[in-house]
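Working notes, beginning with the structure itself.
Nothing in this text is a laboratory measurement; each read-out follows from the coordinates by a stated rule. Here the structure is a predicted model, which is why all the values come from computation and not from measurement. Neighbour counts run over all protein chains shown; Cβ positions are idealised from the backbone, glycine included.
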């Protein structure tokens, strides 16, 4: 289990710094459609940290880019370690609450331990055991990390990673980076930074 204090302000400041570096790297590459320059078009989100990551709620800016070429204006949202796609909860919360849910038996206990409604955690568990297993990210993980139990994802993944619990969560967020955006900006930026 993860200590909620460990996912404090410093943890999310580090994730924001990595997100900033990824955004700069993607911007330097230019528009993938017309090679025009990419300009910042960040927008605010309202992330939820629940009980385990309340400090993460202050990091609200989702870094985003927009092509500056006339007629193109295509958006390029870089991968993020803080936000897991369009979910309102922070990516670290999705991971940790899913792990906690694997160890607790009742819905009431899950809600009390995480601050996330049991129904939401159940949806996340279904995602981990269903659509997530069809992603290229999962295929890459299975190829690089041995002895992952499919039925116990994400706990089996973080259990095989090295470091402290927050470092393992960060490493898993780095792996998940490519699925945090729908604009086609791939995993290369995450791999080069992280």
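Let's see how each residue does on (1) in a helix (DSSP H, G or I); (2) in contact (Cβ under 8 Å) with a residue 24 or more places away in the chain; (3) more than 25 Å from residue 171 (Cα to Cα):
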{"position": "78", "(1), (2), (3)": "no, yes, no"}
{"position": "81", "(1), (2), (3)": "no, yes, no"}
{"position": "86", "(1), (2), (3)": "no, no, no"}
{"position": "93", "(1), (2), (3)": "yes, yes, no"}
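Residue 121 satisfies every condition listed in (1) under 21 Å from residue 178 (Cβ atoms); (2) under 17 Å from the mean Cα position of the chain (by Cα); (3) in a helix (DSSP H, G or I) except (1). Of the residues making up the stretch 57-80, those that are touching a strand residue (DSSP E or B) at 6+ places or on another chain (Cβ under 9 Å), surrounded by fewer than 19 Cβ atoms within 10 Å (Cβ to Cβ) and closer than 28 Å to residue 7 by Cβ are 57, 60, 61.
Evaluate the following for residue 36: is it within 19 Å of residue 177 (Cα to Cα) and either assigned to a loop (DSSP other than H, G, I, E, B) or touching a helix residue (DSSP H, G or I) at 6+ places or on another chain (Cβ under 8 Å) (or both)? Judged against the criteria, residue 36 is not a match.
Scan the stretch 31-49 for residues that are within 21 Å of residue 18 (Cα to Cα) and surrounded by fewer than 20 Cβ atoms within 10 Å (Cβ to Cβ) and the total you get is 9.
Residues that are buried (at least 16 other Cβ atoms within 10 Å of the Cβ), touching a residue at least 60 places away in the same chain (Cβ under 8 Å) and within 19 Å of residue 164 (Cβ to Cβ) do not occur anywhere in the stretch 21-30.
Could you tell me which of the residues 178, 131 is in contact (Cβ under 8 Å) with a residue 40 or more places away in the chain, under 30 Å from residue 64 (Cα atoms) and under 18 Å from the mean Cα position of the chain (by Cα)? Criteria check complete, one pass: 178. Residues that are out of contact with any helix residue (DSSP H, G or I) (no Cβ under 7 Å at 6 or more places or on another chain) and either under 20 Å from residue 81 (Cβ atoms) or surrounded by 14 or more Cβ atoms within 10 Å (Cβ to Cβ) (or both) within the stretch 140-162 comprise 140, 144, 156, 159, 160, 162, listed in sequence order. Condition check for residue 52 on (1) more than 14 Å from the chain's Cα centre (by Cα); (2) in a loop (DSSP other than H, G, I, E, B); (3) surrounded by fewer than 21 Cβ atoms within 10 Å (Cβ to Cβ): one failure, at (3).
On the stretch given as the stretch 95-118, residues that are over 16 Å from the mean Cα position of the chain (by Cα), assigned to a helix (DSSP H, G or I) and surrounded by 14 or more Cβ atoms within 10 Å (Cβ to Cβ) total 10. Can you tell me which residue is surrounded by the most Cβ atoms within 10 Å (Cβ to Cβ) among those in the stretch 124-139 that are outside any loop (DSSP other than H, G, I, E, B) and out of contact with any helix residue (DSSP H, G or I) (no Cβ under 8 Å at 6 or more places or on another chain)? Looking at the filtered set, the residue picked out is 127.
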